[in-house]
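Each reported figure results from applying straightforward, stated rules to the coordinates on display, with no laboratory input. For clarity, every value in this text was computed on a predicted model and none was experimentally measured. Reconstructed Cβ throughout: ideal geometry from the backbone, glycine too, with neighbour counts over all protein chains shown.
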Amino acid sequence: MKKYDVIIIGAGPAGIITGVTAKKQYYGKSILMIREEEKGLVPCGIPYIFHNLNSVSKNVMGPKPFIDLGGDVITDPVVEVNIKDKTLKVQSGDNFSFDKLIFATGSKAVIASFIPGFDLKNTFYIRKSYNYIDNLFNELQGKKNIVVVGGGFIGAEMAEQLSMHPDKKVSLVESEDLCFSKAFSHDLSVIATEELKKSNVNVYTSTSVEEILGENGIVTGVQLNNKNKIKADAVIFAIGYKPNTELAKKAGLTMNRIGAIIVDNYGHTAEKDIYAVGDCSQTLGFLTGRCDNIMLASTATAEARVLGYNLFGIRIKNSLIGTIGIFSTEINGLAMAAAGVNEKSALVANIEFITAQFSAVDRHPGTIKDASPLTTKLYVSPSDGTILGGEVWGGKSSGEIINTIGLAIQEELTVYEVISFQIGTHPLLTSAPTMPVFIKAAELALSKIQALSK
């Protein structure tokens, strides 16, 4: 039985970054990464396989950086873990022992078993599996009428990409009033839903699927709760993901209410030398400290870096105050992004806030050829000016501006501090130095706070 200092189960973003960071910090330690498939995918790039990339192979992600540092990788799914003996068994029958074990098993698609007809031929899911998505890519080539169920990021992006094929009629069914409503505010969800409609997707909101219709075991359509039917050659479910923790449960690890592995601030489970990171592990909201259900590769890799540095003793402090939830997308050419609190989440958590919004363009002067409108909205504590959340939409720079807002939230910056935020500008790259949307929105928020104190 071969022994390793560390074994990582999983080769997604969390597993790879944990392995790379740990090898850099502890080069002499032997580390094995165990994966289920030879090839992996960039998770958030999956929808773009179906038009923009037009290829599964162009969205490949693998552990080469880890291997280059001296890490070992095998493709052989783990079937059993014995925490007490510090051993595990893989599908081929081989056994390995370890000093430390990391679960980086990610998440898996929620199966629509509550909908009659969910198991008919040509019902699909957006699984994070190269082999599965490769098959889905090929299967959809000849499909003309496609229904996507679920209007979150993955479902909406998938529908938009498929709708770019002129020979396909794409419909999206979302049970909420608006698409993207779990991540965006009401106002931004309205904008995003309208952009999705403009992208040639038939969008059905406030609508649910009652049954998947079929003949001879093959999908023919979708029955909606409003008694309407949609013809379908294929149905793609994008109704969420859940932690992939069956192996961890079987090994005896403790789970939270949504089935994620409970860990501390450094990825430690309740069992000595056993860790968990990424979608399979528990996350807590940055403001409330309550268990949340945010699964993002960006969050997973942040956790992975902290775990990799501190695997053999705490070297750096974990500055993550909790899961902020930083999202971005682009639909019909409009970039949209959000971080932290918005009206809906603030109401649920009973958080007081004020909002401030500022619009400009992302070039200066605005007559430059590729200039785009740009808007920032901030959510701010009225008592001390702390930035609690933000949204940005317009040009592609929205994706980086929201990351700056995310850093401001993580560092608990106030609008008072943002006023003196020093920036670099250039006519071809940014808004004018007189109108940086983040700073101007902070100025407006400050004015509202001052007005409240009078």
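How big is the dipole moment of the chain about its Cα centre under a simple scheme where the beta carbon of each Lys and Arg is +1, that of each Asp and Glu is -1, and everything else is neutral? Debye, nearest 20, please. Intermediate results must be reported in sequence, preceding the final value.
Numbers: 44 positive and 46 negative charges, 87 e Å.
Using only the charged Cβ atoms, the result is roughly 420 debye.
What is the log10 of I(q)/I(0) for the stretch 112-194, computed with the Debye formula using one identical point scatterer on each Cα and no solvent, at q = 0.11, 0.16, 0.18 Å⁻¹?
-0.34, -0.70, -0.87
Place +1 on the Cβ of every Lys and Arg and -1 on the Cβ of every Asp and Glu in the chain, take the dipole about the Cα centre, and give the residue among 67, 49, 306 whose Cα lies farthest towards its positive end.
Going by the charge dipole, the pick is 67.
Work out which GluC sites (Glu not before Pro) in the chain are exposed loop sites (DSSP not H, G, I, E or B, at most 12 other Cβ within 10 Å) and give the longest gap free of them. Could you put the intermediate results ahead of the total?
Values: sites that count: 38, 352, 411.
Longest stretch, sites excluded: 39-351.
In whole Hz, with x marking every Gly and Pro, tabulate ³J(HN,Hα) for the stretch 77-92 from phi via Karplus 6.51 cos²θ - 1.76 cosθ + 1.60, θ = phi - 60°.
x, 6, 10, 7, 10, 10, 5, 4, 8, 6, 9, 9, 10, 9, 4, 6
Can you list, bin by bin at 10 Å, the percent of alpha carbon pairs in the chain, starting at 0?
4, 19, 26, 26, 18, 6, 1, 0
Search the structure for amide H atoms under 5 Å from the amide H of residue 11, placed 1.01 Å from N in the peptide plane, and list their residues when 5 or more places away or on another chain.
36
Would you grab the residues whose amide H sits under 5 Å from the one on residue 210? Only those 5+ places off in sequence or on another chain, please, with H modelled 1.01 Å from N.
223, 224, 225
For a quick check: sort 44, 280, 291 by the number of other beta carbons within 10 angstrom, fewest at the front. All intermediate terms of the calculation are to be shown ahead of the outcome.
Working: 44 18, 280 30, 291 15.
Taking fewest neighbouring Cβ atoms as first place, the list is 291, 44, 280.
Tell me, what HN-Hα J-couplings in whole Hz come from the Karplus equation 6.51 cos²θ - 1.76 cosθ + 1.60 at θ = phi - 60° for each residue of the stretch 41-46, using x for Gly and Pro?
Karplus values, whole Hz, x for Gly and Pro: 10, 6, x, 6, x, 4.
How big is the gap, in Å, between the Cα center of the stretch 218-288 and the Cα center of the stretch 387-422?
Here the answer is 29 Å between Cα centres.
Which percentage, to the nearest 5, of the DSSP beta bridges contained in the chain is antiparallel? It would help to have the intermediate numbers written out before the result.
Numbers: 52 of 89 bridges.
For the chain, the DSSP antiparallel bridge percentage is about 60.
Only helical DSSP H runs with n ≥ 4 go in: add -39500 (n - 2.57) per run for the chain, normalise by residue count and round the 222 nm mean residue ellipticity to 500 deg cm²/dmol. The partial results should precede the final answer.
Details: 11 runs with 113 residues, N = 454.
Result for the chain, helices only: -7500 deg cm²/dmol.
Which chymotrypsin sites (Phe, Trp or Tyr not before Pro) in the stretch 2-42 sit in a loop by DSSP (not H, G, I, E or B) and have at most 14 other Cβ atoms within 10 Å of their own Cβ?
27
Dividing the alpha-carbon radius of gyration of the stretch 336-453 by 2.2 N^0.38 Å (N being the number of residues), what value is obtained? If you can, show how the numbers build up before the last one.
Numbers: Rg = 14.0 Å, N = 118, 2.2 N^0.38 = 13.5 Å.
Cα-based Rg divided by the globular estimate yields 1.04.
Kindly write out, for the stretch 278-290 in residue order, the coupling ³J(HN,Hα) from the Karplus curve 6.51 cos²θ - 1.76 cosθ + 1.60 (θ = phi - 60°), rounded to whole Hz, with x marking Gly and Pro.
For the stretch 278-290, the Karplus-derived couplings read x, 4, 7, 10, 5, 10, 10, x, 5, 9, 9, x, 7 Hz, x marking Gly and Pro.
Pull up all non-local amide H partners of residue 128: gap of 5 or more, or a different chain, and H-to-H distance under 5 Å with H placed in the peptide plane.
HN-HN under 5 Å from residue 128: 109.
Report the extension gain between residue 246 and residue 206 in nm, rounded to one decimal, defined as 0.36 nm multiplied by the number of residues separating them, less their alpha carbon distance. Mind showing how you got there, number by number?
On the way: separation 40, 0.36 × 40 = 14.40 nm, distance 3.33 nm.
Between residue 246 and residue 206, full extension yields 11.1 nm more.
Can you sort 199, 328 so the residue with the fewest Cβ neighbours within 10 Å comes first?
On the way: 199 19, 328 22.
Going from sparsest to densest Cβ surroundings: 199, 328.
Report, please, the projected area of the stretch 277-367 averaged over directions, based on the convex hull of its C-alpha atoms, in nm². All intermediate terms of the calculation are to be shown ahead of the outcome.
On the way: hull surface 36.4 nm².
The orientation-averaged projected area of the Cα hull of the stretch 277-367 comes to 9.1 nm².
Determine the sum of side-chain charges near residue 199: Lys and Arg each +1, Asp and Glu each -1, restricted to other residues whose C-beta is under 12 angstrom from that of residue 199. Provide the component values of the computation, followed by the final result.
Working: positive: 197, 198; negative: 157, 160, 194, 195, 330.
Spelling it out: positives minus negatives among the neighbours equals -3.
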